[in-house]
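Data block below; observations after.
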Amino acid sequence: MIDFPKEKIDRIKARYGDSIEEVVTEKTDVPIFFVRKDKLLDFMGSIRTEEGLEYNFLSDVTAYDDNPPANIPDYGLGSLKAGGGSHRFCMVYQLFSLKFLDRIRVKVRVKEEEQVPSLTVLWKAANWLEREVFDLYGIPFKDHPNLRRIMLDDRWVGHPQRKDYPIKKYQRFPGSATLEHLGLEELDSNGQSQSGRTGHALANSDLNVKQEGK
Amino acid sequence: MPKDGAPDVLTTRLEDFVNWARANSLWPYPFGTSCCGIEMMATLSADYDLARFGAEVVRFSPRQSDMMIIAGTITEKMGPVLKTLYEQMHDPKWVIAMGACSSSGGIFDTYSVMQGADEVIPVDIYIPGCPPSPEGVIHGVMRLQEKIRKNKAMLT
Amino acid sequence: MNENTGLQSPSRKKDAFDDDENQDIFESSQMLINIGPQHPATHGTLRVACRLNGEVVVDSRCELGYLHRGMEKLGEVKTYHKFIPYTDRLNYCSALQNNVAYVTTIEKLMGIEIPPRNIYIRTMVCEMARIIDHIICVGINAFDLGAMTYFLLGFHQREEAYTLIESLCGSRLTTSYTRIGGLSGDLPDNFLPRMKKWLDGVETCFKELDKLLTNNRIWVDRTQGVGVFTAEQALAYSMTGPCLRASNVNIDLRRDRPYLAYKELEFDVPVAKGGDVYDRYLVRMAEIFESVRILRQIVDKMPKGPIWADDKRVRIPEKERVYNSMESLIHHFKFFMEGFDVPEGEAYCPMEGPNGEMGFYAISRGGPKAYRLRIRAPSFFMFQPVDEMIKGENIADVIAVIGSVNIIAGELDR
């Protein structure tokens, strides 16, 4: 691992010992802190303002499928070694300090269908980033103001970035998404929505509906 | 004129004239989605002027144009939009699929990409390339002009 | 029609019509229109659905995903080398920058050091990409607002750059120039003199274009005070690049976390204070001149030597040997068909792209393919605050704002 002062890692470990599950400094370019899911919001909130650390810029929020199920499509020359553990996904947060100009990586292990606390109260950038993770991985976020699909059509079934979704599985829909689901629809005289669409994509994701052999 | 409506000397000359006029005054509708859109912009600008071929008036409204140039990848979210816009164009209309992505999906054979714009609309000319150079686009437009000049269905 | 709105809609800027007593007739007839996903003024396919009160935008929603091509999933399916052409199609206005960012990440994963000539060529190519991207951004921004001359003259400079790039790697737009541990080919013989000529041409042309727009009454009136974004708002939305520097935040990864050859080069970082469309234009123009300055230094300092790293895992055999020797042919075949083994690990290498912080985050678990390839695209972060920037603006200003923020749909949706 390249040029990160060891004192800083020890300091973070000492200060946030109960939130951090694990610290990884091998085979990576910046230190990785595995944080407990329930302590994530407090950890992020205080590491943002703590003197000497001040990781106040959220570079990126993403996720990866750490332990995919057994029967995944193999595209040949596979490198599909699972990470091991009881969780399915791992959230990744890349933080940058504008004052000290260094980076750390924070990871959170998430089981399938578990909700992750949303960071939109700390950084507004997290809004769309978490929507993208929800769309492509299906990880729901707690207290997210607008959890809907962002990259794919609202009616899409499945989460393509998961390892068990085949890359060429096409889904085609007849008409384009209307304005209603954007929350900008015309309401009738009682102030009710005319289309009946709630615009909330949790209703469409395969966490709640049965997949019908699509 | 013959009673059964078969083309006669007068009508063939008229047909040729109308086809010549249509071919030399195409009003392009640039439907640029991705990288091919930049090469289309290069074709329409000063160095490789497409206006030399009559396609001077670039109209961004389907109601006012007759040649749609689909430059870029068409995804499944964009397909219905493309179909609606194509249906809004008036006859006679032609479609050029510029680049590999709009011809056949290109290098993106993935879950969200339509494998060619001809999944939703009929295409007249396919221009290969990723992206095609402006000379290629001009060649495609000239082939379309040849196709229009051979068009016999004008009077029906 | 929504009849429950009162006289005042929330967070609307005050203007001359607020005191008009007949305001409520117009309040309840708010029109819902769609800018995009196909519109002459959008950079590619994005959609801004606006609710208008007359000409003023009361509320809006930005929507993307119209060019989602599944690149991150392709990163897991294709080997590391096969993914290089896909990186061109991200920010297609400055494809060379994306190539460099991607291979730097993989080289970091593998621990490969590249020789100095390669470093300088990559820096040169990144700065060329910066110039041509800014030409497109400002050109299209001006074109949308009616100033076509900038676009036409700027595109001629872009064509000259294309000629240079074509002599370098064979392709104008989608270059795929870099390889892991090296480049696809060395500089041709008379490249540096032609580069010098091009730089002179760019400088003359842009001094003229500067006179066209910077103090132009119409341009200033249309862009000053439009789409203002303060530093706190910009940082909350994780904006980077020229838009962040136009909001008075002095961060540039080339100077603050130097990579490639930037430690040895002298350059300034332009910062503006206002955060409006005019300031973003000024920052981009200044950056073009700074890039010309950097390129002149690189042309003078270009070291001689090899361009390939001394690592037999990634060294692609030379074409003469491939065509004449059986072992090289088999090596070449296996290299490209099967890929090479990358050790386990992960790396995130952000670079200062023309649009902002462009980075690739790659997780490898051994084998020739990535386990996860994440593309941190600056346009994604730039498009999110557009909703906030256009609230209360006129519809014509919406076009100016979207143009100034330089959203490239290829990297927005990936």
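Read-outs throughout are calculated quantities, based only on the coordinates presented, and are distinct from any laboratory measurement. These numbers were taken from a predicted model, which means no experiment stands behind them. A quick note on method: Cβ atoms are made from the backbone with ideal geometry, for glycine too, and the neighbour counts reach across all protein chains shown.
Things to note:
- Considering only C:165, C:53, B:60, the residue lying farthest towards the positive end of the dipole of the protein assembly as shown is C:165, judged by Cα position with unit charges set on Cβ.
- Relative contact order, percent, segment B:24-136 [alpha-carbon distance under 8 Å, six or more residues apart]: 28
- Residue-wise HN-Hα coupling along segment A:91-105, computed from phi with Karplus coefficients 6.51, -1.76, 1.60 (Hz; x: Gly, Pro): 7, 10, 10, 9, 10, 9, 9, 6, 8, 9, 6, 10, 10, 9, 10
- Helical contribution to [θ] at 222 nm, DSSP H n ≥ 4, -39,500 (n - 2.57), averaged over chain B, rounded to 500: -11000 deg cm²/dmol
- Cα-based helix-to-principal-axis angle, C:95-110 vs chain C, degrees rounded to 10: 60
- Neighbouring Cβ atoms from other chains, within 10 Å of the Cβ of residues in C:232-238, number 5 on average.
- Interchain or long-range residues, amide H under 5 Å from residue A:155's placed H: none
- Near the amide H of residue C:179, within less than 5 Å, lie the amide hydrogens of C:184, all on another chain or at least 5 residues away, with H placed in the peptide plane.
- Among the listed pairs A:27/A:99; B:83/B:147; C:78/C:312; A:8/A:39; A:6/C:108; A:13/C:82, those beyond 31 Å (Cα-Cα): A:13/C:82
- Using θ = phi - 60° and Karplus 6.51 cos²θ - 1.76 cosθ + 1.60, couplings along segment C:213-220 (whole Hz; Gly, Pro as x): 10, 4, 10, 6, 4, 5, 4, 5
- Local net charge near residue A:45, Cβ-Cβ under 13 Å (Lys/Arg +1, Asp/Glu -1): -1
- Once the Cα atoms are used to define both axes, helix C:116-144 deviates from the longest principal axis of chain C by about 20 degrees.
- Packing-based order for A:88-96, B:133-141, C:56-64, C:267-275, using average beta carbon neighbours within 10 Å, highest first: A:88-96, C:56-64, B:133-141, C:267-275
- The C-alpha atoms of chain C define a longest principal axis, and helix C:395-404 lies at about 20 degrees to it.
- Volume of the convex hull of segment B:26-149 (Cα atoms only), normalised per residue: 85 Å³.
- Rounded to the nearest 20 debye, the dipole magnitude of segment B:26-149 is 240 debye, with +1 charges on Lys and Arg beta carbons, -1 on Asp and Glu beta carbons, and the Cα centre as origin.
- Model label sites at residue B:87 and residue A:114, defined 7 Å from Cα along the beta-carbon direction, differ in position by 4.8 nm.
- Highest-first arrangement of C:315-322, B:116-123, where packing means the average Cβ count within 10 Å: B:116-123, C:315-322
- When you restrict to C-alpha pairs under 8 Å that are six or more residues apart and normalise by the size of chain C, the relative contact order lands at 25 percent.
- Across peptide B:53-65, the mean count of Cβ atoms from other chains lying within 10 Å of each residue's own Cβ comes to 1.
- Dipole check for segment C:74-413: with +1 at the C-beta of Lys and Arg, -1 at the C-beta of Asp and Glu, and the Cα centre as origin, the magnitude is about 640 Debye.
- Solvent-free Debye calculation, one equal scatterer per alpha-carbon of segment C:143-240: log10 I(q)/I(0) at 0.18 Å⁻¹ equals -0.96.
- Remark: segment A:167-173, residue by residue, has Karplus-estimated 3J(HN,Hα) of 5, 9, 7, 7, 9, 10, 10 Hz, where x stands for each Gly or Pro and the curve is 6.51 cos²θ - 1.76 cosθ + 1.60 at θ = phi - 60°.
- Spatial separation of Cα centroids for segment C:149-166 and segment C:94-142, in angstrom: 18
- Taking amide H positions as modeled 1.01 Å from N, with prolines and chain starts lacking one, the residues under 5 Å from residue A:60 and 5 or more places away or on another chain are A:94.
- Grouping the Cα pair distances of chain C into 20 Å bins from zero gives a pair-distance distribution of 25, 52, 19, 3, 0 percent in increasing distance order.
- Shielding score for C:77-87, defined as the mean number of other chain Cβ atoms within 10 Å: 2
- The peptide list B:31-39, A:132-140, put in order of mean Cβ contacts within 10 Å with the highest first, becomes B:31-39, A:132-140.
- Charge dipole (debye, nearest 20) of segment A:48-117; +1 at Cβ of Lys and Arg, -1 at Cβ of Asp and Glu: 120
- Remark on the protein assembly as shown: ratio of C-alpha radius of gyration to 2.2 N^0.38 Å is 0.97.
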